[in-house]
Amino acid sequence: MIPNRLGLAVLSVSILAAPVRAASSGAAALQDAFAETAARAKPAVVNISVVQNVQVQAPDFQFGDPEDMLRQYMQGGRPHTYRLPGTGSGFLIDAKGFIVTNDHVVGRANEITVTLAQPDGKETKYSAKVIGRDPSLDLAVVQIQKSDKAFPFLKFADQTPRVGDWAMAIGSPFSLEQTVTVGIISAQRQSMVIEGKRYANMIQTDAAINRGNSGGPLLNLNGEVLGVNTAIFSPSGASAGIGFAIPASQVKDALNYLLAGKRVPRGWLGIALSPVDPVVQRRFALPSPEGALVNQVYPSSPAEKAGIKRGDVIRTFNKTAVASPEDIINAATKLASGKQVPVIIYRKGVPVDLMITLGRRPDWADEPKARGPAEDEESPEDPKKEGAGFRWEGAAFSQEQDGVTVADVKPDSPFAGSLIPGDIVRAVNDHEISSIDGLKTAAKKTKVQDGVFFDILRDGKPRYLSVKP
């Protein structure tokens, strides 16, 4: 122990005694750029505190005998309202006090308080109200109330940032207002699902973003808004260097509608899609592994009215070739409802031309969906179902009343990340499944290394899964 301590002490002295090298002119200029950008932008970045009134039925025990108390408890008692606080960030977009933030910050708030910080450190609080919401984009506009002051504001960048460009995030992580972090643009994500909600064309950054940063700006070194900080990927709940922002181009396209208190009009098909890979290509006799496989068609939707069926593969949409489901999602959301769109599908290997009239995107379509396999980092194991019924390639299946159910999936199974406990298997490749014996027969005829195509029910909804180790 003594030599280690001495060694540490000597090392400390040598570090302290080392001469401080002058920063290079390039590093000093970059440092000045960070400081100047932060100083210009911070006055226009706000903290948003919200209160949501949540009403629950709670037992209201008065003086009385035990039977009275039990009866009140069983009947739910009287309704009680609880004030549920929350916090987030936002930024001013004009001198009149209009603020852009995330819908998940203010969408259900009953009270909104906006806090602005002055250069001298003083804070001013204002009451605010929601002007417009778009849950689909996760954007909202609120306005400061009862103030004639001209507010500082930020401008949106006109150019799309490049991967590798500097980026600065400002917000209120964990309610620590006016926090500045710096990183780069790490990637451009065409489509992704975050907490059950699908986002398109997200900006990925390694500038630290944490809880409370939602709604704050992601800036370039000119102080222009590149995007609205919205979500993070974090196994621990804290920043892991992977944050996401809604790009400025999407925000600008939506602003006129939000400022008018309207939803952005988007076309809607009413289908659930999944990618096409070589396994799907072989199963559906496609000429190449491109397109979007129709997992589900919602009743009375535009897709159903146009004749699209589950198992169809959409190969072209609006006269444009489809490489992935994102191509259709992005194209449809940019078109207005009522627009007639030609599509070419493959049904049992045969191309079919259809015309679909886009509908108006319903409110329920923007509600978070159940988490799919891509968002489950690891499938939980149920030791009580270990080996139940039948085990196949590290996955356990059990016979239930509704059919064959996935009991657990080992992390090293080729099915891990695709099947999850609770899935009901209805078919494997071309074999329909209704019992454990049927699954055993299908497993014997299936070469997992060639890929496996599952038809399942998840949370009561049909879904295709393609698995290729």
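Values quoted throughout were computed directly from the atomic coordinates according to the rules given, and no laboratory measurement underlies them. Treat the numbers as computed from the prediction; the structure is a model and nothing was measured. In this analysis, Cβ positions are derived from the backbone assuming ideal geometry, glycine residues included, and neighbour counts consider all displayed protein chains.
Assorted remarks:
- For the range 267-366, the residue among Ile345, Asn295, Pro275 whose Cα projects farthest onto the positive side of the dipole built from Cβ charges is Ile345.
- Entries in Lys447/Lys468; Lys149/Lys262; Lys146/Lys252; Lys262/Lys461; Lys122/Lys149; Lys309/Lys447 that, when Cα-Cα distance is taken, lie over 22 Å: Lys149/Lys262; Lys146/Lys252; Lys262/Lys461; Lys309/Lys447
- Between Val54 and Ala321, the contour length at 0.36 nm per residue exceeds the alpha carbon distance by 91.4 nm.
- Stretching Val448 away from Ser434 to a fully extended chain increases their span by 3.0 nm, per 0.36 nm per residue minus the current alpha-carbon distance.
- Shown is the FRET efficiency for Tyr257 and Gln340, computed with R0 = 22 Å from the Cβ-Cβ distance and rounded to the nearest 0.05: 0.45.
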